[in-house]
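For reference, the structure is listed below as structure tokens.
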């Protein structure tokens, strides 16, 4: 019995070693008309030593190296590559998702993703996200959004706006000065909104919502030109 079992295990291992890659299956999260990366681009990166992996023995595939190649596409946030018993290689891709677009007259525009990753613009798709301008943009375009304290706060602010249907539709742009203070520009209405430092985010937006729900209906959308949210428990309108 031991001899038979040993022979069976050996045969199974031999067949495993002889299996080759027969097919590549690419699954891209949220792939569609608004995708920054498509299956064609991913397949183009799936080469090992400049050759297609189809036909190569599965045990010769350098999966981590292939994942690094796919991650070289800036719009790929995460990737997981594995193969099954039939020889099919599966590639599961999670795209980077922009929350804001950094704009500056002297620098190329760039996106920042939900994880703080800076992304170049894409010829494949233009994301409809909030614009970020102002004096601090050159530093933001070249900086690290996951380590700098102001950038971390600004990313939290951008994500808060992006995750709320009303604010995502209403806030068109935020400008940031050298001190990291924020001014918001709405889609509807001619007010500039002084947000101040990107802190106490939910509290400040609660006050701004009160302005839209209770003050503007009485005074009219174009009655005020400035709204200041920086004072505690107050809304100052001019």
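The values are calculated or read from the model by the stated rules, or taken from the named source; none is laboratory data. This structure is a prediction, so every number in the text was calculated from the model and none was measured. Glycine also receives a Cβ, built like all others from the backbone with ideal geometry; neighbour counts cover every protein chain displayed.
Table for the structure above
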item: Boolean, residue 142 is modelled with pLDDT under 95, outside the structural domain of residue 72 (by TED's automatic domain parsing) and in contact with a helix residue (DSSP H, G or I) (Cβ under 9 Å, 6 or more places away or on another chain); result: no
item: In region 186-196, the residues that are buried (at least 18 other Cβ atoms within 10 Å of the Cβ), more than 22 Å from residue 232 (Cβ to Cβ) and either in contact with a strand residue (DSSP E or B) (Cβ under 7 Å, 6 or more places away or on another chain) or not assigned by TED's automatic domain parsing to the domain that holds residue 134 (or both); result: 186
item: Near pairs, Cβ below 8 angstrom, 6+ apart or cross-chain, from region 150-164 (under 12 Å from residue 197 (Cβ atoms)) to any residue that is surrounded by fewer than 18 Cβ atoms within 10 Å (Cβ to Cβ); result: 153/197; 153/199; 156/201; 157/201
item: Single residue of 132, 182, 112 found to be in the same structural domain as residue 219 (by TED's automatic domain parsing), buried (at least 19 other Cβ atoms within 10 Å of the Cβ) and under 23 Å from residue 78 (Cβ atoms); result: 112
item: Residue that is farthest from the chain's Cα centre (by Cα), among those in region 109-125 that are more than 16 Å from residue 35 (Cβ to Cβ) and not in a loop (DSSP other than H, G, I, E, B); result: 109
item: Test: residue in region 71-82 that is surrounded by 19 or more Cβ atoms within 10 Å (Cβ to Cβ), out of contact with any helix residue (DSSP H, G or I) (no Cβ under 9 Å at 6 or more places or on another chain) and over 14 Å from residue 20 (Cα atoms); result: no
item: Residues (assigned to a strand (DSSP E or B) and buried (at least 16 other Cβ atoms within 10 Å of the Cβ)) located in region 19-56; result: 24, 26, 28, 48
item: Count of residues meeting criterion [over 25 Å from residue 106 (Cα atoms) and at pLDDT below 95] in region 150-161; result: 0
item: Region 115-124 - residue that is surrounded by fewer than 16 Cβ atoms within 10 Å (Cβ to Cβ) and touching a residue at least 12 places away in the same chain (Cβ under 8 Å) and, of those, farthest from residue 41 (Cα to Cα); result: 115
